[in-house]
Amino acid sequence: MKFKDYYDTLGVSKNTTDKEIKQAYRRLARKHHPDVNPGNAKAESHFKNITEAYEVLGNPETRRKYNELGANWKMYEQPGSPGTSHQDPFGGRMPFGGGGGGWTIDFGDATRGPNLGADGGSPFSDFFNAFFGGAPGQPRSRGPRRRETKVVDQTIDLSLEEAFLGVERRISILSGNKTRMVSVRIPPGVSDRSRIRIPYGPEVRSTASGEMLLRVRIIPHPKFRRKGRDLHTSVTVPLTTAILGGAVPVQNVEGITLNLKIPPGTQPGQVFRLKGQGMSGVRKPEDRGALYATVELLLPTQLNDKERAHYEALAKLAGSNTPEEPS
C-alpha cells in the first residue's frame, strides 16, 4: 500500500489555506470531470484522485489528522492489516475514523464511475480505505457520516422558447434540515431529457454535499416540433399563391416573421428548408439547425359571385384542355 500525497494531487502546499484548497479542487474537478471528458478513463481516474484528496483535505479535522499522520503512516495502519504495527500513538483515536467507521461516498450517477453498492465497495485507494473507510477485506461498520456526497435529482419544465434562449431559474435544494435557493443558468439549446449537473458541495455546508442533477422536460409547442437542432412547422399557402407563386409569412422560434418564397405549382405537403432558423447548439450557440416548413393549402370555404364565375371559367378552361378519350 502506497502513501497518498493529497497535497501533491491537488497541486498545493501543506501551508495552503482551506479556501485555496477548495479553489484548487474546483478548478481540477471542472477540468477532469467525466461529463467534460466522456469515455476518457484517464480523466475519470484523475477525477477520483482529486475527489479523494479533497475528501480528506477539504475538512479541517481530517486534514489535521492527515498532517499528523505524515511520513509515519505505516505506524498508524489499522490493527489486523497485513504487515502493520499495532502501536497506536493517538491513544486509541485511529486517524480518519479507523476501525471501520467513516464516510460513504456515492459516485454512481454523479461521475459515471464506480458505484458504492450494497457491498460497500469504494472507488478510492487502499490508503484511503485503510485510514478512512475501513481496511481492505474487512467488513465495514456503518459509523456516523461526516459528509456524504449525493445527487439531488429534480425535473425542470421549459418552454421551447426558453430552451432556445436559455434561462435562469431559482431551484430549491433540501440540505440537511434547511431549504436553500440556488440560481441555475440553463444554457441555450438544451433538448428534452437533457441532464444538467450542478455541483453544490463546496457552496452548501451542512450534512450533505454533492451535485444537483436537473432533468430537462420540454413542454410540447403548439407550432413547432423539434428533431435534434431542427424545427418543423406547417405554413398555410393560399391556392392561388401555390399555383401562381409568391411569398407567405412564417415565424421562427424567436417570433421573427420570415418571408418564405413559394414557387409556381407548389404542391400540398411540399417541404421548404430555412437554413439557420432552428435551435442553437449547447456548445456552439451560433451553430443553429434548420426550420422545415410543410405546405398546407388554404382552400376557400365560400365564394362570392365574381369569384365563382372565375373558378367556373377556370374549370371550363381546364376541361377544354383535357384530351378526349377515344370512343
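Each reported figure results from applying straightforward, stated rules to the coordinates on display, with no laboratory input. These figures come from a predicted structure and were not determined experimentally. For neighbour counting, all protein chains shown are included, and Cβ atoms are generated from backbone atoms with ideal geometry for every residue, glycine included.
Points worth noting:
- The lysines within cross-link reach of Lys42, meaning a Cα-to-Cα straight distance under 25 Å and a gap of 8 or more places when in the same chain, are Lys2, Lys4, Lys22, Lys31, Lys150.
- Per-residue Cβ neighbour rank within 10 angstrom, fewest leading, Met279, Met181: Met181, Met279
- Straight-line cross-link reach from Lys316 at under 28 Å between alpha-carbon atoms covers these lysines, not counting any fewer than eight positions away in the same chain: Lys306.
- Normalised convex hull volume, region 245-290, alpha-carbon set, Å³ per residue: 74
- When each of the peptides 55-66, 183-194 is scored by how many other beta carbons lie within 10 Å of its residues on average, the order from highest to lowest is 55-66, 183-194.
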